[in-house]
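Reading through the structure tokens given below for one structure.
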């Protein structure tokens, strides 16, 4: 009888230990997810601040262009030199607008679900936003160039980007300082760690020569037929 009581007590203690461990893990996961959700709110706030900063940069750029215009009006140099300078400016603006294929140092990020775990548009956007926060200069998802008007949304069993259906794995290419990009994604309790809780694997690889294609100009991505300049 004494042996039975000792054995029963041992089993009870073992079960109690398992329950406590499971509760601890559950609380830890919930706390981690709560931190992640708060981080997403913070990301939205930072995105708003970046948009405000972008508007300020655009204002400064307009002032620069006005000065350039005055320069061209008063320039006494040859027409060939003026035209060459204009060509350089046009090329620079085309690169910024995503109208040119570009290359440079950066990272290639591969995102895919483990087993049957789905990858949602929020997961893709979380990675894109983290890369933007790390001062990325060019982005693409499965070779679809990401610009200001690009949509990333789930539609049925597909991921829609720039009006095209994409299938997993989702490969994000980003050009900027590779160390900054990798560090931003792999920071402790960052987006890579958070996506693990949803059974989503994120592989980050630094590359010296990342090639990102230009945005499609067939009228499906860039639309401006409803726009008129204000004089």
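Rounded to two decimals, what is Rg over Rh for region 79-129 when you use alpha-carbon atoms and the Kirkwood radius? Please report the intermediate quantities before stating the final value.
Working: Rg = 19.3 Å, Rh = 14.8 Å.
Taking Rg over the Kirkwood Rh, I get 1.31.
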Which length gain, in nm to one decimal place, applies between residue 164 and residue 95 when the Cα-Cα distance is subtracted from 0.36 nm times their residue separation? 22.6 nm
So, in Å, what gap is there between the alpha-carbon centers of region 158-228 and region 93-121? 3 Å
So for the pair residue 180, residue 135, with labels modelled 7 Å out along Cα→Cβ, what separation do we get in nm? 0.3 nm
Could you compute the FRET efficiency for residue 64 and residue 110, with r as their C-beta to C-beta distance and R0 at 35 Å, rounded to 0.05? 0.35
Subtract the Cα-Cα distance of residue 223 and residue 81 from 0.36 nm times their separation in residues, and report this length gain in nm to one decimal. 47.8 nm
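Under 1.5 on a/c is rounded, so check that first for region 102-212, then, if it is not, pick prolate when a/b is larger than b/c and oblate when it is not; a ≥ b ≥ c are the square roots of the alpha carbon gyration tensor eigenvalues. If you can, show how the numbers build up before the last one.
Numbers: a/c = 1.78, a/b = 1.15, b/c = 1.54.
Oblate, because a/c is 1.5 or more while a/b does not exceed b/c.
Read-outs: derived from the displayed coordinates by stated rules, not from any lab. Predicted model only: the values in this text are computed from it and were never measured. Glycine also receives a Cβ, built like all others from the backbone with ideal geometry; neighbour counts cover every protein chain displayed.
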